[in-house]
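The values are calculated or read from the model by the stated rules, or taken from the named source; none is laboratory data. Computed from a predicted structure; not experimentally measured. Cβ coordinates were reconstructed from backbone atoms using ideal geometry, including for glycine residues, and neighbour counts include every protein chain displayed.
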Amino acid sequence: MNALPPLPPLPMPPERKTVSRADLLPDVVRTLYSQTGVSLSGNLLGAMVLTMIYWPVAPSRELIAWCVLFGLVWVLRLVTLRRYAHAGWAAASSQAARWQRLWNAGAMASGACWGLAAWMFYEHGRAFHQTTLLLIIYSFCVGSITLMASQHRAFFAFISLCFVPTILRIATLGSTDNLLLAGVLSLVFLMTTILGRAYRRTFDRAIELKVRTEMLAVQLQTEKAAADEAKRAAETANRAKTQFFAAASHDLRQPLHAMGLFAEALRSKSRGDEEVTHLVNSINSSVDALEGLFGELLDITKIDTGGVEPQPRHFALRELFQRLKLQYEPTAFEKGLSLRFRGAHHVVYGDPVLVDRIVRNLLSNAIRYTVDGGVLVSARRRGDEVLLQVWDTGVGIAPTEQQRVFDEFYQVQANAPLGLHQPKGLGLGLSIVQRLARLMGAPLHLASVPGRGSVFTLTVPPGKVQRSQLSEPGTGKPALGLTLEHRHIVIVEDEPAVREGLVVLLKGWGASVESFDTVSAAEAWAGSPGVTTPDLAIVDYRLPEGRTGIEALTSLRAAFGQPLPAILVTGSTMTGHEEESNRHDFHLLIKPVAPNKLRAMIAFKLGLR
């Protein structure tokens, strides 16, 4: 067996860092240039209004000179905006400080133009002209808050270039009204500065939150990628673990199967030797325990790794009861127990595979812990639910143990000892039952009386498909022993140890045996003249040349022209063969097959009483 592959290293998420001014700068610059177009339009409109109202009253040369200067600054700012847009956001962000300096230089030049306008033209107009000029200058100072408050020094320089020349020019006019107006404008200048500071804090906080959100989004994306990688690694490991258990189970079942056959053959060769008989019993018990452990560990592995997903549908219990009867009637027959089924006409809604697995575990336990009497599998309607129950007349479970029986590896302490060939089990079956029931969302209930028996109840919703009746199976009678005198059995098995063990064991029971390792060899023998018609065929499922035991059965039955009782043996638990068993009329045994199970199955197939 190959070891499980190591898990790939997981990518580590980036460390969280504090947002600095350098982190904010690209967003600040992007905001500046995104609003520059609107700012230039407003500046152009203000210059046109100033020119129109002062054209009649101001010196023409001075007004034209100011317009030329303003137009030059405006064009340079427009060119800077176009170059920034042409550079692209990514390239511009990598040189954010340079683009910020260019923008600030243009803004300072615009501020100087408006301060120069107040210095040059304020005294030439009347109250209307002066008020309009002050409103234009103040509107640009207030409008600059949203653009420049994030960089406090540039904002203070801009409003100073606008306000200081205006205040000084008004103060130089000398009258009391002008001095009062200069004082009021100084107060407005101070309030605008304070407002800019408040807006700067709000703006910085907004940009910081935006940058932090982007950083968190990147971190979340990285962590999500790491989580996805971890999930894929876990799923890979889970699949590898499940495949490992399945492969280990299949490969180890072969020698265990052969071991049990040879041990039983040794028993038949050493009749009367109690010490050998005791050793053989111990070997068979160990083989049974290992076989159960492989199957139950595989089931738990599938459930825990998420390999089992319920797929509910409407299905009739008739087919389920048929499969259970097919598998467990020989075992009950050997122990002298009655195995009955009631309510097969009911239809339920659930996962038929999981319901099958649950009832199989419960039925297997019921037969194992029942010495006398029988087992009943029933379904009955109660309101809007169907109660699927397994009753037994076994040893029962004490009230103090009824909650613990669903724990892994917990075994009931029976008041009465079990039979020699009835191992107690490994304590995993009911744990699997409970996990599967929870997986389906189906309540599971236990009621038991020590010494009288137990009943396990699985509650499932009723189904809606067409119901059909199923005739109830009869009552089995106890086997009085097995002798295969005058019985002819053919074996098709490619594993040499298993094939030899079967031959030795069946001959020890008195049968004549023909054994083959391939389907071709069995077909050649069946086609030979004068061969004895076999009473029973025991075939492995997987055979060489890519062929199966079903092909071997089909060929043998065709060669002898009559129905041939058959037992199909397989070491794989990954694929069910119930539909094939119904279609091709055979019973299925899973390796390793305990000799007592094989004996019970042969007796059942040959109708021996």
Scanning region 504-556 for residues that are more than 48 Å from the chain's Cα centre (by Cα) and β-branched (V, I, T), the one farthest from L484 (Cα to Cα) turns out to be V531
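Listed here are the residues, each with its yes/no results for (1) of a type in the set (S, T, N, Q); (2) surrounded by 13 or more Cβ atoms within 10 Å (Cβ to Cβ); (3) at pLDDT below 85.
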{"position": "M48", "(1), (2), (3)": "no, no, no"}
{"position": "L69", "(1), (2), (3)": "no, yes, no"}
{"position": "L81", "(1), (2), (3)": "no, yes, no"}
{"position": "H86", "(1), (2), (3)": "no, no, yes"}
{"position": "N104", "(1), (2), (3)": "yes, yes, no"}
{"position": "G115", "(1), (2), (3)": "no, yes, no"}
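Working carefully through the options L420, L426, find the one that is exposed (fewer than 15 other Cβ atoms within 10 Å of the Cβ), out of contact with any strand residue (DSSP E or B) (no Cβ under 6 Å at 6 or more places or on another chain) and either at pLDDT 50 or above or among the hydrophobic types (A, V, I, L, M, F, W, C) (or both).
Details: L426 fails: exposed (fewer than 15 other Cβ atoms within 10 Å of the Cβ).
Only one candidate passes the filter, namely L420.
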Report, by residue number, each residue of region 496-516 that is in a helix (DSSP H, G or I), out of contact with any strand residue (DSSP E or B) (no Cβ under 6 Å at 6 or more places or on another chain) and of a type outside the set (D, E, K, R).
P496, A497, V498, G501, V504, L505, G508
Where in region 517-588 are there helices (runs of 4 or more DSSP H), lying fully within it, with 2 or more residues that are buried (at least 20 other Cβ atoms within 10 Å of the Cβ)?
519-526, 549-560
